[in-house]
């Protein structure tokens, strides 16, 4: 297991910084679903002048950022049950229509949190063992199978220091071979036919040091 | 004259039998038919199968129904959430059967039930442990699972406005599972914040046409509590 410690000079990104980093990479005009947890923060980091249309599985297309406390609409929550807003041009739909647009391949991108991503694009994000007390899948399997592209936003390592980027997932799978890119607190990586390729790395961290905390083999992108 | 408005909770839930499959609308605390769930607790039906996206929070509503041992089986996508203490207790104690269904598969299984489609193929969950025991078939080079329609005996839902024909509108994300469950059940009972005259609802805004609704009861509780 890769459980080495990071060099002192390295400044891992906060969850907010990862979300902001990811928001910058979403092309204008894309329809994007944000999964529960850290991915929901992405909506807060999209500059107001950008037009990226966020979808929330509970039936919102055109979801905006979190409202000021005085502006809360108590009927308007996102998939993570947080209060959100609707942008001009936004719309509501029922659960079957919401998942029809997911399953039907209409979303350009879905961003999910995960426990593990494997070098073959497998993702595990809903259950941490085969004897989970009460597993909770929500819409993760529908999103992972249905969106045209899946990006994962997660910490590079678990709290105990184990790598979340692995050769093969040890946790129960959410979907097979679907992850295209991973944003962590240490790096941005593409999932290719030849495994993980590092596109970006936080200042103060070398590829060697990143590899020392990553189970799966890494290669540097040729830019 | 058609009048689906009933005057009491007892009338609204009359005839719900032990062993029924009960569909409960709502996503989180929004669009949840709380008054009807409390009335179902009073009504007394037991040995129920409940279909609900979540498994209740706190000690009231669905959580209370679970705590009273009235639910034999729950079908849901996301039972584990903040405050789902009662579900965790009864599940750990082996007092309830749990069927985990991906959220989109769950909603489509109910839509299919309402639309007269006995089963459909979906790529969701292929290759995962939720595919266990399901027919897998390759169509056009991709693998799919066969999922069967999910019918309810009763659907309990929440709406914003209703008229005496049972036409319904919803507020914002409170729409969620409510229109789908209304289609999928033998009897749909809606609690509505506002009862309006027939013809007063803008036909362009009716999200559930009255054909899917059996009974409507007026419950004007105002806005959900902001937490």
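Here are the numbers for the structure shown:
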{"read-out": "Counting all C-alpha pairs of region B:1-139, share separated by more than 19 Å (%)", "value": "56"}
{"read-out": "Shielding score for B:180-187, defined as the mean number of other chain Cβ atoms within 10 Å", "value": "2"}
{"read-out": "Average beta-carbon neighbours from other chains, 10 Å sphere, peptide B:118-125", "value": "5"}
{"read-out": "Between region A:89-165 and region B:1-50, the alpha-carbon center distance in angstrom", "value": "33"}
{"read-out": "By average C-beta atoms within 10 angstrom, highest first, the peptides A:34-43, A:191-200, A:175-184", "value": "A:34-43, A:175-184, A:191-200"}
{"read-out": "Helix axis angle, B:103-115 relative to chain B longest principal axis, alpha carbon, degrees", "value": "60"}
{"read-out": "Rounded to 5, the percent of DSSP beta bridges in region A:15-220 classed as antiparallel", "value": "55"}
{"read-out": "Hypothetical label at residue B:198: residues of region B:1-22 whose amide nitrogen lies under 19 Å (7 Å Cα-Cβ projection)", "value": "B:1-7"}
{"read-out": "Per-residue average of Cβ from other chains inside 10 Å of B:129-135", "value": "2"}
{"read-out": "Whole-number percent relative contact order across region B:140-193, with pairs defined as alpha carbons under 8 Å at least 6 apart", "value": "47"}
{"read-out": "Fraction of the pair-distance distribution of region A:15-220 above 21 Å, Cα-Cα pairs, percent", "value": "52"}
{"read-out": "Cα-derived Rg to Rh of the protein assembly as shown, Kirkwood definition", "value": "1.00"}
{"read-out": "Per-selection Kirkwood Rh - region A:121-223 (Cα, Å, 1 d.p.)", "value": "14.4"}
{"read-out": "Chain lengthening between residue A:120 and residue A:91 when straightened (0.36 nm per residue, less Cα-Cα)", "value": "6.8 nm"}
{"read-out": "Dmax and Rg, reported as Rg then Dmax, of region B:60-156 (C-alpha, Å)", "value": "15.5, 49"}
{"read-out": "Protection-proxy order for peptides A:105-111, A:93-99, each taking the mean of Cβ atoms within 10 Å per residue, highest first", "value": "A:93-99, A:105-111"}
{"read-out": "Spatial extent of region B:82-227: Rg and Dmax, with the Cα atoms as the point set, Å", "value": "18.4, 53"}
{"read-out": "Alpha-carbon radius of gyration plus Dmax, which is the widest Cα pair, for region B:5-78 in Å", "value": "11.6, 34"}
{"read-out": "Efficiency of FRET from Cβ geometry, residue A:30 and residue B:138, R₀ 35 Å, rounded to 0.05", "value": "0.70"}
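Computed from the coordinates by the stated procedures, all read-outs in this text should not be read as laboratory data. These figures come from a predicted structure and were not determined experimentally. We place every Cβ from the backbone using ideal geometry, glycine too, and count neighbours over all the protein chains shown.
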